[in-house]
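The values are calculated or read from the model by the stated rules, or taken from the named source; none is laboratory data. Remember, it's a predicted structure, so these values are computed and weren't measured experimentally. Positions of Cβ are generated from backbone atoms using ideal geometry, with glycine treated the same way; all protein chains shown enter the neighbour counts.
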Amino acid sequence: MDFKQNINKNKLPKHIAIIMDGNGRWARQRGEERIFGHENGVRAVRETVEAAGELGVSYLTFYAFSTENWCRPQKEIDTLMELLVKAIHNETPELIEKGVRLATIGDVESLPEKCRKELADAIEKTSHNTKLTVTVALSYSSHWEILNAVKDIAQQVKEGKINPEDIDKKMFQSFLQTQGMPDPDLLIRTSGELRISNFLLWQIAYSELYFTPVLWPDFGKKHFYQAILDYQRRERRFGKT
Ligand code: FPP
């Protein structure tokens, strides 16, 4: 079946968020170290970005490193960071060529300096691109994001810049990391886990959720198309009748 052919281009999700999961299990199944799974996960990221660009999806957001991931063994953290630096460095020319803008959400300040520099460089170089925005969530968790928004608003109230009565949904959103981005229409999680794991909790209030047993390093264009087709079969009501 040609999955791509069956996608309705007029009903594309504008923003797709992805919880990439299963790298460790994929590696273990092959008798390898967890990092081998992450290395192969980069290929899946590249393929997904390519598929999204070809279809005309406007926003793609990847959960690459959570606040909680800092508790993993230091060796895995270090290698993951190196992998990230390498991937961004290698992919930036193609991102530029394909009209992809790179962005990050999360506590980027907590990342190693080399990582921050590579990211800042790629973000700068791709800042004028408009076709597709790829956002990488790094040292991110929704609890961290929401708490920070609350602290920032409280500070502004204290300074008399905001009147508490004026705090509404629109204002609150403008204090989130995702300000200016539409909420995800579709959230995909791989590896069969049925959890959200502290990802975009505010933003996915009305997102369609799609879970697949495929482990992230095996995820490819075909799986991405399947998720979009599943999304297009659903009726979205946003709480209305
Ligand atoms: C989840 O698998 C995967 C991660 C926490 C890391 C994902 C990172 C990459 C693929 C690296 C590059 C990313 C970009 C955007 C270039 P897991 O380790 O939790 O797997 P498990 O649940 O099987 O243990």
Problem - Evaluation of D21 against (1) near the ligand (Cβ under 8 Å from one of its atoms); (2) free of Cβ contacts under 8 Å to residues at least 12 places away in the same chain; (3) among the acidic types (D, E) (one fails), failing number - result: (2)
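Can you pull out the residues in the stretch 25-44 that are out of contact with any Asp or Glu (no Cβ under 9 Å at 6 or more places or on another chain) and farther than 20 Å from V85 by Cα? Give the derivation first.
As a first pass, look at the stretch 25-44 and keep what is out of contact with any Asp or Glu (no Cβ under 9 Å at 6 or more places or on another chain): 25, 28-32, 36-37, 39, 41, 43.
Those that are out of contact with any Asp or Glu (no Cβ under 9 Å at 6 or more places or on another chain) and farther than 20 Å from V85 by Cα: R25, R28, Q29, R30, G31, E32.
Taking G192, is it without any contact (Cβ under 8 Å) to a residue 60 or more places away in the chain and at positive phi?
No; evaluated as a whole, the condition is false for this residue.
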Practice task
Report yes if some residue within the stretch 93-103 is over 22 Å from I123 (Cα atoms) and either within 13 Å of the ligand (Cβ to nearest atom) or among the aliphatic types (A, V, I, L, M) (or both); otherwise report no.
Solution key: no
Practice task
Name, by its number, the condition in (1) without any contact (Cβ under 8 Å) to a residue 12 or more places away in the chain; (2) more than 12 Å from the ligand (Cβ to nearest atom); (3) among the charged types (D, E, K, R) that does not hold for K11.
Solution key: (1)
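Suppose we keep only residues that are assigned to a helix (DSSP H, G or I) and within 12 Å of the ligand (Cβ to nearest atom) within the stretch 72-81. Which one would you say is nearest to R43 (Cα to Cα)?
The first filter runs over the stretch 72-81 and keeps only residues assigned to a helix (DSSP H, G or I), leaving 74-81.
Pick out the ones that are also within 12 Å of the ligand (Cβ to nearest atom) and you get 76-77, 79-81.
Values: E76: 18, I77: 19, T79: 16, L80: 14, M81: 16 Å.
Within the stretch 72-81, the match that is nearest to R43 (Cα to Cα) is L80.
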Exercise for the section: Please indicate, with yes or no, whether at least one residue in the stretch 119-127 is loosely packed, with under 12 Cβ neighbours inside 10 Å, assigned to a loop (DSSP other than H, G, I, E, B) and either modelled with pLDDT of 95 or more or in contact with a helix residue (DSSP H, G or I) (Cβ under 8 Å, 6 or more places away or on another chain) (or both). Expected result: yes
Exercise for the section: Looking only at the stretch 141-182, count how many residues are within 25 Å of M20 (Cβ to Cβ) and part of a loop (DSSP other than H, G, I, E, B). Expected result: 8
Completion exercise
R233 passes all but one of the listed conditions (1) charged (D, E, K, R); (2) surrounded by fewer than 20 Cβ atoms within 10 Å (Cβ to Cβ); (3) in contact with a strand residue (DSSP E or B) (Cβ under 6 Å, 6 or more places away or on another chain); the exception is number (3)
Problem - In the stretch 128-140, the residues that are part of a strand (DSSP E or B) and farther than 15 Å from M81 by Cα - result: L132, T133, V134, T135
Fill in the blank from the handout: Result of the Cβ filter at 6 Å on the stretch 85-106, keeping first residues that are closer than 27 Å to S142 by Cβ and partners that are within 12 Å of the ligand (Cβ to nearest atom) and of a type in the set (S, T, N, Q), at least 6 apart or interchain, is A103/T135; I105/T135; G106/S139
Problem - Test: T130 is within 13 Å of the ligand (Cβ to nearest atom), without any contact (Cβ under 8 Å) to a residue 40 or more places away in the chain and more than 24 Å from Q29 (Cα to Cα) - result: no
Exercise for the section: Starting from the stretch 31-51, take each residue that is free of Cβ contacts under 8 Å to residues at least 12 places away in the same chain and list its partners that are in a helix (DSSP H, G or I), counting only C-beta distances under 6 angstrom and pairs at least six apart or across chains. Expected result: F36/A27
Practice task
Identify all residues within the stretch 183-230 that are in contact with a Pro (Cβ under 6 Å, 6 or more places away or on another chain) and outside any loop (DSSP other than H, G, I, E, B); write none if there are none.
Solution key: L186
Handout entry: Selected residue (only one of T48, T61 is of a type in the set (S, T, Y), surrounded by 14 or more Cβ atoms within 10 Å (Cβ to Cβ) and not in a helix (DSSP H, G or I))
Key = T61
